[in-house]
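One structure is given below, encoded as structure tokens.
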Amino acid sequence: MVIGVGEGENFLASDVSAILAHTKQVVYMEDGEIVELYRDKFITRTIHDEEIQKEVHEISLSLDEIDKSGFAHFMLKEIMEQPESVRNSMRGRLLLEEGNAKLGGLDNVLERLSNCKRIIISACGTSWHAGLVGEYMFEQFAHIPTEVEYASEFRYRNPIIHSDDTVLFISQSGETADTLAAMREAKNQGALALGICNVVGSSIARESMGEYTFTQVLKLVLHQQKHSLLN
């Protein structure tokens with residue numbers, strides 16, 4: 001759940017896009033938290049009735065980014081936006097003169113990612129099918145053993161995970177319950193957990209050790225593998 005903080009009004013919704021027309025100031029609720037909402041204030045507590053102070057976040061999304069922009073439906077809009085989406089994911093990150101890519105958000109996990117022995121991709125539905133393509137790309141170009149798992153099964157079957165594994169969790173919304181639970185399982189077992197999703201501030205984005213596009217992760221892994229071979 002997300003609280004929208006307005007002027008003389010507050011909102012409660014399951015997704016930021018529902019309140020973006022009214023405010024860009026939001027507060028994210030976590031599991032085990034309760035909110036008491038009024039027009040001019042809100043009070044957050046734990047389920048043990050302990051009052052807590054929540055951080056207010058500023059959303060950078062605009063209404064144009066979440067409406068259909070004249071297209072008949074969102075799927076068609078997303079198809080037509082693919083060239084721009086690829087450009088946006090690369091903008092400011094490609095270092096053409098060096099023939100390299102700088103992904104600042106991965107700095108904190110660079111060593112673990114470059115030394116990982118196995119990649120696991122976990123997702124549901126169409127995100128799972130996208131993961132199958134990722135499996136071929138990682139194994140073909142980076143030569144790292146890669147597996148693709150249904151998140152709905154991953155969380156229940158007591159998976160064998162090592163600390164040198166990297167687990168990628170794909171979710172368009174960033175709120176897929178099975179994928180989120182699988183991510184928590186991987187983190188509990190000490191793996192590097194990275195989220196791939198389209199919604200800034202979503203649960204998976206906030207709980208992962210990083211929020212990246214698949215292309216960004218692949219480029220970094222390829223670069224590190226090449227660097228290791230040269231050395």
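The values are calculated or read from the model by the stated rules, or taken from the named source; none is laboratory data. Note that this is a predicted model, so its numbers are computed, not measured. No Cβ is skipped: glycine too gets one built from the backbone with ideal geometry, and neighbour counts run over all protein chains shown. When the accessible area is computed, the model is the full protein with side chains, heavy atoms only, and any ligands, DNA or RNA have been set aside. Shrake-Rupley method; radii C 1.70, N 1.55, O 1.52, S 1.80 Å.
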What's the angle, to the nearest 10 degrees (0 to 90), between helix 214-230's Cα axis and the longest principal axis of the chain? 30
Of Tyr38, Ser127, Val5, which is farthest on the positive side of the dipole of the chain, counting Cα position, with +1 on Lys and Arg Cβ, -1 on Asp and Glu Cβ, and the Cα centre as origin? Ser127
Qualifying GluC sites (Glu not before Pro) in the range 3-76, DSSP loop, other Cβ atoms within 10 Å at most 15: Glu7, Glu9, Glu30, Glu50, Glu55
For the range 60-159, just list the percent of Cα-Cα distances falling in each 5 Å bin from zero outward, please. 2, 9, 11, 15, 20, 18, 13, 8, 2, 0
Could you pull out the chymotrypsin sites (Phe, Trp or Tyr not before Pro) across the range 16-65 that fall in loop regions by DSSP (anything but H, G, I, E, B) with no more than 16 other Cβ atoms inside 10 Å? Tyr38
Give me the percent of the accessible area of the chain that comes from carbon and sulfur atoms, probe 1.4 Å, all protein chains in place. 51
With a 1.4 Å probe and every protein chain left in place, work out the accessible area per residue of the chain in Å², rounded to a whole number. 59
Let me know the volume per residue of the alpha-carbon convex hull for the chain, in Å³. 149
The base-10 log of I(q)/I(0) that the Debye equation returns for the range 1-99 at q = 0.11, 0.13, 0.15, 0.24 Å⁻¹, one scatterer per C-alpha, is -0.51, -0.65, -0.76, -1.20
Under 25 Å, Cα to Cα: Lys pairs in the range 2-158, sequence gap 8 or more or different chains: 7
